[in-house]
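Take a look at the structure below.
The values are calculated or read from the model by the stated rules, or taken from the named source; none is laboratory data. Every value quoted in this text rests on a predicted model; they were computed, and no experiment measured them. Every residue, glycine as well, gets a Cβ built from its backbone with ideal geometry; the counts of neighbours run over all protein chains shown.
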Amino acid sequence: MNLRSIKGKTIVLAVTGSIAAVETIKLVHALRRKGATVQGVMSQAACGIIHPDALTYATGRPVITRISGMVEHVLFCGDGGCADLLLIAPCTANTIGKITAGIDDTPVTTFATTALGRGMPVVIVPAMHHSMYRHPAITESIQKLRGWGVTVTDPRIEEGKAKISDTPEIILACERELFKKPLAGRHVLITSGPCREPLDDVRVLTTRSTGLMGRALALWAWRLGARVTVVHADSFPVVNNIRVSSASDMREAVLNICSNEQVDLYISAAAISDFAPEYFSGKIESGKTIDMRLNPLPKLLPEVTGRYGIPAVGFKLGWNELEKARKMVRDGIMMVVVNTPGAMGSFENSVLLIDAFEEKVIEGPKEDVAGMIWEVLLHHPGFRTGGQE
């Protein structure tokens, strides 16, 4: 299978009677842009929110609003059916309760019963008032669904409502199921983005790093089934974010995680500060020339590999760093990714992957480069996976 594309996959999008049904047109477009074929299914309640013609136009396929003699639920989600994934978005409290009780009195619940019986991937995206989401029966039903292996996304709690997840998060959940989770059971730790070293009470010393590469690597790891922890100053969806600012904070957080948790791979994608300025208390008076003393900071990557023996991927900036990168590999780093200086702040990247077996140039949008890096890592002898490929 192609580990980086859902092109050619068939997704059944089942829509129930939540006002969030108005978001499904945007969701369909996003899935189709990824190359998926989308088949719409609607309950009668959903037809009261958006017209079936809208979903027909968006999917390019006639929407199923009733189960006919063609037994559509079996054709798509039965044994040997043509669908690869059932996505119920939005899913009301009523529908969640019916699914867990085995009730199939709407096209959506009939598709759900059939899909669960087949054992195919199912993603459910709740959307309802927050008080309904907190109902003990709904809480228990969601726990039961997850126990059955169903992916239930977490809603956005806003304005007293458990709102439908953002479209990018829904897409990620679908990709995670369709990619068969080759990293299931693995914990990937990533440092990402710039560090900010305080100079005085208002100024910091930092880099032009945006964290785009770290984000792309983290989201690909999650798509592929890993538990992902990212130590950085930002906040990415779906992963566990550990918020830090300075290099010393990042080092403390990373070593704490490595000491207390099982980490299967460490990716050092952050522009970790090499120096910290001596701190000036208060605000340095403007208009004056000052001398700044920079003190070198300890290197985190060799400490992680040396102290904990964790397989690691390092990053170097600049083609003039090739010999240093090769030495890092000889010293035990599993792989080094050599960036061009122009990659900082750019959505494109050209990198050289160096490990003990080969040197390989890959280039393109950072999203694609990150996926290609993971394709190499999945088959790397230093990082064997335990899931299906």
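Out of curiosity, is MET334 closer than 20 Å to ALA247 by Cβ, in contact (Cβ under 8 Å) with a residue 24 or more places away in the chain and in contact with a strand residue (DSSP E or B) (Cβ under 9 Å, 6 or more places away or on another chain)? No, not satisfied. Scanning region 28-58 for residues that are hydroxyl-bearing (Ser, Thr, Tyr) and in contact with a Ser or Thr (Cβ under 8 Å, 6 or more places away or on another chain) gives THR37, SER43. Evaluate the following for LEU86: is it surrounded by fewer than 17 Cβ atoms within 10 Å (Cβ to Cβ) and either among the hydrophobic types (A, V, I, L, M, F, W, C) or within 14 Å of ALA14 (Cα to Cα) (or both)? So LEU86 does not fit the description; no. Modelled with pLDDT of 95 or more, more than 14 Å from THR191 (Cβ to Cβ) and in the same structural domain as ASP200 (by TED's automatic domain parsing) - does that describe any residue in region 248-260? Looking for residues that are modelled with pLDDT of 95 or more, more than 14 Å from THR191 (Cβ to Cβ) and in the same structural domain as ASP200 (by TED's automatic domain parsing), one finds at least one in region 248-260, hence yes. Listed conditions (1) farther than 14 Å from CYS195 by Cβ; (2) in a loop (DSSP other than H, G, I, E, B) are all met by ILE257, apart from (2). Take the conditions (1) modelled with pLDDT under 95; (2) within 21 Å of ALA46 (Cβ to Cβ); (3) in contact with a strand residue (DSSP E or B) (Cβ under 9 Å, 6 or more places away or on another chain); ASP104 misses just one of them, which is (3).
Of GLY35, GLY48, GLY60, all but one fail to be farther than 24 Å from LEU116 by Cα, under 21 Å from the mean Cα position of the chain (by Cα) and small (Gly, Ala, Ser); the exception is GLY35. With a requirement of 2 or more residues that are crowded, with 20+ Cβ neighbours inside 10 Å, the strands (runs of 3 or more DSSP E) lying completely within region 323-373 that satisfy it span 335-339, 348-355. Inside region 260-285, residues that are of a type outside the set (Gly, Ala, Ser), part of a loop (DSSP other than H, G, I, E, B) and farther than 20 Å from ALA218 by Cα make up a count of 7. Could you grab me the full set of residues in region 27-48 that are surrounded by fewer than 16 Cβ atoms within 10 Å (Cβ to Cβ) and more than 20 Å from LEU178 (Cα to Cα)? Within region 27-48, GLN44, GLY48 meet the criteria.
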